[in-house]
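Only one structure is covered here, and it is reproduced in the block below.
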Amino acid sequence: MRTPVIAGNWKLFKTIAEATGMVNELKPLVANASGVEIVVAPVFTALSRVSEALSGSNVRLAAQDCYWEEEGAYTGEVAPKLLADAGCSHVIIGHSERRQYFGETDATVNKKGKAALAAGLTAIVCVGETLAEREADKTFSVIETQLKGGLTGFSSDMLAHSIIAYEPVWAIGTGKTASDQQAQDVHVFIRSLLAQMFDQATANAIRILYGGSVKPDNVKGLMSQPDIDGALVGGASLKADSFAAIANFAA
């Protein structure tokens, strides 16, 4: 059995006070959520304080990005070991916005993923196609390229400590969502590709999340699909009640 993961990516929102207020509001709303792993990803500046606020709760902490070096003359970057020091257990890597706006490539995703795992973090590795790529029937080829590039040199054990997030770029922040079947089809493809790249047991065990305008009113349908193991939630994770409704999808 794969434990579902509901992860909230807060992107560039919330001051430290707003972030800590949010998790204090969230904690009692999800305290009885069983059989699900709940993760929130605030901005870097709020991580340490949010970690303190989450102490003793069933909500875990992620960062939204990392760098691949442990230390050095890399102004503005944050190393995985510093994220762990701030209280993180997870880190999002290769989000489409990093690829679109900040030059993220499959090669840098690969280096970041390896560095995150070496620091003891769970890497949430993102893949997904644009609208133009989907309309050109390139979805599977794009995702294959991203996975093979992003996971080059990974062992089965390294993959076992990772999570894959499928996020169709055309469905992020647009209000559009892939249909339950569209999402399931891509998740099946990802799992079958991972079986080829690694082995069937590893592919069967890895969690694959769907990200793309997940909301309380569509999460049950998505989560009913056999290969969808959770959600990477954007806008709906910014309010405690809506994120809690998603995290409590099985209630």
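When the alpha carbon gyration tensor of the chain is reduced to an equivalent ellipsoid, its three semi-axes come out at 25, 22, 17 angstrom, largest first. Of the residues E37, E69, E133, the one with the fewest other Cβ atoms within 10 Å heads the list, and the complete ranking is E69, E133, E37.
Taken over the range 43-90, the ratio of Cα radius of gyration to 2.2 N^0.38 Å equals 1.17.
Each Lys and Arg adds +1 at its Cβ and each Asp and Glu adds -1 at its Cβ; summed about the Cα centre, the range 139-251 shows a dipole of about 200 debye. Restricting attention to the chain, lysine pairs at least eight places apart or on different chains and with alpha-carbon atoms under 21 angstrom apart total 24.
Dividing the mean sequence gap of close Cα pairs (under 8 Å, 6+ apart) by how many residues the chain holds gives a relative contact order of 21 percent. Fewest-first ordering of T15, T139 by other beta carbons within 10 Å of each residue's beta carbon gives T15, T139.
Roughly how many debye, to the nearest 20, is the charge dipole of the chain about its Cα centre, given +1 on each Lys and Arg Cβ, -1 on each Asp and Glu Cβ, and no other charges?
Values: 21 positive and 27 negative charges, 64 e Å.
Magnitude of the dipole: close to 300 debye.
Footprinting exposure proxy ranking of M1, M223, M158, M22, fewest other C-beta atoms within 10 angstrom first, gives M1, M158, M223, M22.
Here is how the number arises for the chain: DSSP H runs of 4 or more residues each give -39500 (n - 2.57), the sum is divided by the residue count, and the result at 222 nm is -12000 deg cm²/dmol.
Readers should treat all values here as calculations from the given coordinates under stated rules, not as data from a laboratory. Nothing here was measured: the structure is a model prediction, and the numbers come from that model. Here Cβ is always computed from backbone atoms with ideal geometry, including for glycine, and neighbour counts include all displayed protein chains.
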